[in-house]
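J.: Supplied in structure tokens, the structure appears directly below.
The values are calculated or read from the model by the stated rules, or taken from the named source; none is laboratory data. Just so it is clear, the structure is predicted and the values come from calculations on it, not from any experiment. Glycine also receives a Cβ, built like all others from the backbone with ideal geometry; neighbour counts cover every protein chain displayed.
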Amino acid sequence: MKLQNADWCRSAQELAPAIAMGRLRSDASAQLINGTYLEAWWRCLKFSKEFTQCCRTGIFTSKESFNTFRMFGPLENISFNEWWITKGHVFFSESITTLQVKLYGKCSERKTFALAVDALQDVSSNLAGREFEFWLNQIALLNQGQGLLSEAPLSWPIFKSRISLTAISQLISLLEIHDQIIRNAPETRLWQIGEQLRIKPHAMPRAGDYASDIADKHKAMGQTISNYLKKGTNLVHNASVGFFPCFSNK
């Protein structure tokens, strides 16, 4: 597990004075949230029929799922940026600090960690000290648990997981596409979806393939899509019950 600085820190430099004075507006900070694990988390919850149903009924299966609702609120009929401006910034903007966190690495032998940060020249030592303590607390929360973002949600600007952001985004996109296709054309086969998206290039039929070769490629493509859908479904379910990012059964 390690935490790394994201590109958003560079964008935050121009907002540093507003951050330091506690006057950072939600619309100004919206530029910092795109392409982050926070967005991926939001997309999982947005897609989750389970989470949507819980929001509608007010009935939650666990303390973790209720805590997730308290942070995100209902997500129906709202875009990510609209959510940030109206709801998300209330809790998650606390993580937008003037410090630029560069790298966190855990040493398994000594059970210690290293954290490198930069502070702009116009940031007071008192403010930098408070923000440094904030990041140490977030890292401590991650170390105490399984290293999930849901265990230290305010670490989202510097969070990095073994489950990559790219992988999560691709799985959610596949779930969304599959859901839309099956809703409009329920007889569509998984291999057909895979071929349209070119998910597995080696399983794409080519001119001159024998019928048996094409059948084998359809089978391989279908199995690949099936596996991806299962992983994505597990990811979304876990997010809805308060564990993100996680593929294992919860």
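J.: Give SER161, SER155 a once-over and let me know the one that is part of a helix (DSSP H, G or I), surrounded by 14 or more Cβ atoms within 10 Å (Cβ to Cβ), in contact (Cβ under 8 Å) with a residue 24 or more places away in the chain and polar (S, T, N, Q).
T.: Working: SER161 fails: part of a helix (DSSP H, G or I).
Criteria check complete, one pass: SER155.
J.: If the requirement is being touching a Pro at 6+ places or on another chain (Cβ under 9 Å) and either not assigned by TED's automatic domain parsing to the domain that holds GLY194 or not hydrophobic (A, V, I, L, M, F, W, C) (or both), which of these qualifies: SER155, SER150, SER169? If you could, list the steps in order and put the result at the bottom.
T.: Details: SER155 fails: touching a Pro at 6+ places or on another chain (Cβ under 9 Å); SER169 fails: touching a Pro at 6+ places or on another chain (Cβ under 9 Å).
Criteria check complete, one pass: SER150.
J.: Tell me the residue from LEU171, LEU175, LEU141, LEU136 that is in a helix (DSSP H, G or I) and in contact with an Asp or Glu (Cβ under 6 Å, 6 or more places away or on another chain), please.
T.: Values: LEU171 fails: in contact with an Asp or Glu (Cβ under 6 Å, 6 or more places away or on another chain); LEU175 fails: in contact with an Asp or Glu (Cβ under 6 Å, 6 or more places away or on another chain); LEU136 fails: in contact with an Asp or Glu (Cβ under 6 Å, 6 or more places away or on another chain).
Only one candidate passes the filter, namely LEU141.
J.: Something else about it: Among ILE139, ILE199, which is the only one that is touching a residue at least 24 places away in the same chain (Cβ under 8 Å), surrounded by 15 or more Cβ atoms within 10 Å (Cβ to Cβ) and not assigned by TED's automatic domain parsing to the domain that holds GLU94? Steps first, answer last, please.
T.: Numbers: ILE139 fails: not assigned by TED's automatic domain parsing to the domain that holds GLU94.
The unique qualifying residue is ILE199.
J.: Does region 1-52 hold any residues that are among the aromatic types (Phe, Trp, Tyr) and at pLDDT 70 or above, and which are they?
T.: Here is the first cut: in region 1-52, the residues among the aromatic types (Phe, Trp, Tyr) are 8, 37, 41-42, 47, 51.
Scanning region 1-52 gives TYR37, TRP41, TRP42, PHE47, PHE51.
J.: Something else now. Can you find even one residue in region 218-237 that is aliphatic (A, V, I, L, M) and in contact (Cβ under 8 Å) with a residue 60 or more places away in the chain?
T.: First pass over region 218-237, keeping only residues aliphatic (A, V, I, L, M): 220-221, 225, 229, 235-236.
If we keep only those that are in contact (Cβ under 8 Å) with a residue 60 or more places away in the chain as well, we get 235-236.
Yes: one or more hits.
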